[in-house]
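Some notes on the structure that comes next.
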Amino acid sequence: MAIDLSDYEKGEKFDGDYDKALESVQERLARVQVAHIIHGRRSVVMFEGWDAAGKGGIIQRLTAKWDPRHFEVWPISAPTEEEKARHFLWRFWKRLPGQGEIGVFDRSWYGRVLVERVENFATEKQWRRAYDEINEFEAQQKEDGTPIIKLFLHITQDTQDERLKERLLHPWKRWKTGREDFRNRSRRPEYLTAMHEMFEHTDTRWAPWHVIDGNNKKAARIAALNLIAEKLEKAVPMKPPPPPPELVAIARTAFGVDFEME
């Protein structure tokens, strides 16, 4: 079925113990990362959505219990002059995770068909061609053993306005808001059109979109984290390998006792 963002505007509160639910899903995610490390797998978790939709808060909690040596968060902003001189996907190829790693993208290659389209940073020919280029890029990653989990955080205009006001009034959060936020806000209908077409063209079997109702922060965080955990658990072996016999022998000698490792 076609994705309709108006279906994700209820903003229902989280029903349950938020702290307990957060701790539980973070433990799942910690095991998911270990599974990537010990099995040498790699994955991408990618976030798109409105300004102030809560992407940063979810990423912060997603990575809270991860070993920093085995993941990278990529905050994607405007391309550099060097990047502009190459194909728009070049800078993302460079940031793909290696063996045993998870790459987290705070915004992504979809900028070509969203902000670059709406703000006329790309020609119509470029952004229309990008749908096929993106689908092929994502299919290549899937075939090469790198699943891509794509999340879109949706909020209403009223919710976005309230959050932008809160940021402006908070001296330690004011840095998060700039003129770009208000430029994008003023063109919301155009962005909605671009988003609709983005979903229509890039919600594929190998890399489907997952829309999260971000109008309640706690509910959105738990929903997003559980979805990521579920998808990654299906993408990597979740059974740990047996301990190497030589390690068992060394440990028995070192500790002077006979014991069994699971």
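The values are calculated or read from the model by the stated rules, or taken from the named source; none is laboratory data. On a predicted model such as this, the values are computed, not experimentally measured, just so you know. Neighbour counts are summed over all protein chains in view; Cβ atoms, including those assigned to glycine, are modelled from backbone coordinates with ideal geometry.
General observations
- Odd one out for residue 104, checked against (1) on the phi < 0 side of the Ramachandran plot; (2) surrounded by 15 or more Cβ atoms within 10 Å (Cβ to Cβ); (3) assigned to a loop (DSSP other than H, G, I, E, B): (3)
- Qualifying residue in segment 55-64 (condition: assigned to a loop (DSSP other than H, G, I, E, B) and over 30 Å from residue 182 (Cα atoms)): yes
- Flag if residue 110 is over 17 Å from residue 75 (Cβ atoms), in contact (Cβ under 8 Å) with a residue 60 or more places away in the chain and part of a helix (DSSP H, G or I): no
- Test set (1) surrounded by 20 or more Cβ atoms within 10 Å (Cβ to Cβ); (2) touching a Lys or Arg at 6+ places or on another chain (Cβ under 8 Å); (3) not in a helix (DSSP H, G or I); (4) not charged (D, E, K, R) - residue 134 fails condition number: (3)
- Residues within segment 142-160 that are within 10 Å of residue 235 (Cβ to Cβ) and of a type in the set (A, V, I, L, M), tallied: 2
- Among all positions in segment 184-204, there is no residue which is more than 30 Å from residue 128 (Cα to Cα) and touching an Asp or Glu at 6+ places or on another chain (Cβ under 8 Å).
- The set of residues from segment 152-171 being surrounded by fewer than 20 Cβ atoms within 10 Å (Cβ to Cβ) and under 30 Å from residue 200 (Cα atoms) comprises 156, 157, 158, 161, 162, 164.
- Residue match in segment 80-91 (condition: hydroxyl-bearing (Ser, Thr, Tyr), surrounded by fewer than 18 Cβ atoms within 10 Å (Cβ to Cβ) and farther than 18 Å from residue 55 by Cβ): yes
- The set of residues in segment 200-219 that are aliphatic (A, V, I, L, M) and touching a helix residue (DSSP H, G or I) at 6+ places or on another chain (Cβ under 7 Å) comprises 207, 211, 212.
- Condition check for residue 97: out of contact with any Phe, Trp or Tyr (no Cβ under 7 Å at 6 or more places or on another chain) and either surrounded by 13 or more Cβ atoms within 10 Å (Cβ to Cβ) or aromatic (Phe, Trp, Tyr) (or both): yes
- Taking residues in segment 26-45 that are at negative phi and at pLDDT 95 or above, and partners anywhere that are surrounded by 21 or more Cβ atoms within 10 Å (Cβ to Cβ) and of a type in the set (Lys, Arg), the pairs with Cβ atoms closer than 9 Å and at least 6 places apart or on different chains are 35/41; 36/42; 44/150; 45/150.
- Search result, residues across segment 109-126 that are among the basic types (Lys, Arg) and either modelled with pLDDT under 95 or surrounded by 21 or more Cβ atoms within 10 Å (Cβ to Cβ) (or both): 112, 117
Rundown of residues vs (1) of a type in the set (Phe, Trp, Tyr); (2) under 21 Å from residue 60 (Cβ atoms); (3) in a helix (DSSP H, G or I), yes/no style:
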| residue | (1), (2), (3) |
| --- | --- |
| 184 | no, no, yes |
| 218 | no, yes, yes |
| 238 | no, no, no |
| 253 | no, no, yes |
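- Of everything in segment 1-47 that is under 19 Å from the mean Cα position of the chain (by Cα) and hydroxyl-bearing (Ser, Thr, Tyr), the residue that is surrounded by the most Cβ atoms within 10 Å (Cβ to Cβ) is 43.
- Of the candidates 69, 42, 95, 86, the single residue that is more than 25 Å from residue 173 (Cα to Cα) and in contact with an Asp or Glu (Cβ under 7 Å, 6 or more places away or on another chain) is 42.
- Residue count for segment 74-101, restricted to those that are in contact with a Pro (Cβ under 8 Å, 6 or more places away or on another chain) and outside any loop (DSSP other than H, G, I, E, B): 1.
- Complete set of residues in segment 84-126 that are over 22 Å from the mean Cα position of the chain (by Cα) and not aliphatic (A, V, I, L, M): 84, 86, 87, 119, 120, 121, 123, 124, 125, 126
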